[in-house]
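Trainee: Sending over a structure as structure tokens; questions will come in a sec.
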Amino acid sequence: MRGLTKRGIRLRNLLEADEFRVFEVYPGGAQDIWSIPRVKRSLSGLREGLRKLGISGLKKESSDHELDAATGALVGLLFLQGKAEVYGDFKSGAIIMPPQ
């Protein structure tokens, strides 16, 4: 996990240097809020749940990482639309979640 954390911090710094807004999401938590299966429970169920939420273009061969990324992208879109919850603060650390 330390390696992943360090990689994430480096990536965040690179993106923010190019003036992208970066925030953290928790795909599994969002999937729980939406009552759709997590990756480990049912990959096909998660894909179908995301389709029902309006995500198009998901392939049958989509990996667990791709489906979690699609979940994160949807949470990010909701945040940009003012329809997501912010837990914490952006200065010290925040996570974005869909509303319950």
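Trainee: Looking at the structure I just gave you, is Glu19 of a type outside the set (A, V, I, L, M), surrounded by 11 or more Cβ atoms within 10 Å (Cβ to Cβ) and out of contact with any Lys or Arg (no Cβ under 8 Å at 6 or more places or on another chain)? Give the derivation first.
Mentor: Values: of a type outside the set (A, V, I, L, M): yes; surrounded by 11 or more Cβ atoms within 10 Å (Cβ to Cβ): no; out of contact with any Lys or Arg (no Cβ under 8 Å at 6 or more places or on another chain): yes.
No.
Trainee: I'm told Glu48 meets every condition in (1) surrounded by 11 or more Cβ atoms within 10 Å (Cβ to Cβ); (2) over 14 Å from the mean Cα position of the chain (by Cα); (3) closer than 22 Å to Glu16 by Cα; (4) not small (Gly, Ala, Ser) except one. Can you identify the failing condition by its number?
Mentor: Status for Glu48: all satisfied but (3).
Trainee: Give region 4-28 a look and list any residue that's among the small types (Gly, Ala, Ser) and under 19 Å from Asp64 (Cβ atoms), or say none. Spell out the reasoning first.
Mentor: Looking only at region 4-28, we keep the residues that are among the small types (Gly, Ala, Ser), and these are 8, 17, 28.
Those that are among the small types (Gly, Ala, Ser) and under 19 Å from Asp64 (Cβ atoms): Gly8, Gly28.
Trainee: Right, something else. Name the single residue that is surrounded by the most Cβ atoms within 10 Å (Cβ to Cβ) among those in region 29-43 being of a type in the set (Gly, Ala, Ser) and over 11 Å from Asp64 (Cα atoms). Break it down into steps so the answer makes sense when it comes.
Mentor: Step one: list which residues in region 29-43 are of a type in the set (Gly, Ala, Ser), which gives 29-30, 35, 42.
Remaining after also requiring over 11 Å from Asp64 (Cα atoms): 29-30, 35.
Working: Gly29: 16, Ala30: 22, Ser35: 7.
Result: Ala30.
Trainee: Filter region 48-91 for residues that are among the aliphatic types (A, V, I, L, M) and in contact with a strand residue (DSSP E or B) (Cβ under 6 Å, 6 or more places away or on another chain); which is nearest to Gly29 (Cα to Cα)?
Mentor: Quick first cut of region 48-91, residues among the aliphatic types (A, V, I, L, M) only: 50, 53, 55, 58, 67, 69-70, 73-75, 77-78, 80, 84, 86.
Applying the additional criterion that residues be in contact with a strand residue (DSSP E or B) (Cβ under 6 Å, 6 or more places away or on another chain) yields 75, 84, 86.
Working: Val75: 11, Ala84: 13, Val86: 13 Å.
Only one residue tops the list, namely Val75.
Trainee: Mind checking which pairs have a first residue in region 54-66 that is charged (D, E, K, R) and a second that is not in a helix (DSSP H, G or I), Cβ under 7 Å, 6 or more apart or different chains?
Mentor: Once the first residue is charged (D, E, K, R) and sits in region 54-66, its partners that are not in a helix (DSSP H, G or I) give Asp64/Val39.
Trainee: Within region 73-100, which residues are surrounded by fewer than 17 Cβ atoms within 10 Å (Cβ to Cβ) and not in a loop (DSSP other than H, G, I, E, B)? Working first, answer last.
Mentor: Initially, region 73-100 is screened for residues surrounded by fewer than 17 Cβ atoms within 10 Å (Cβ to Cβ), giving 73, 76-77, 80-83, 85-95, 99-100.
Ala73, Gly76, Leu77, Leu80, Glu85, Val86, Tyr87, Gly88, Asp89, Gly93, Ala94, Ile95 - these are the residues of region 73-100 that are surrounded by fewer than 17 Cβ atoms within 10 Å (Cβ to Cβ) and not in a loop (DSSP other than H, G, I, E, B).
Rule-based calculations on the coordinates, nothing more; no lab input. What you see is a predicted model, and the numbers here were worked out from it, not measured in a lab. Please note: Cβ atoms are built from the backbone with ideal geometry, for glycine as well, and neighbour counts cover all protein chains shown.
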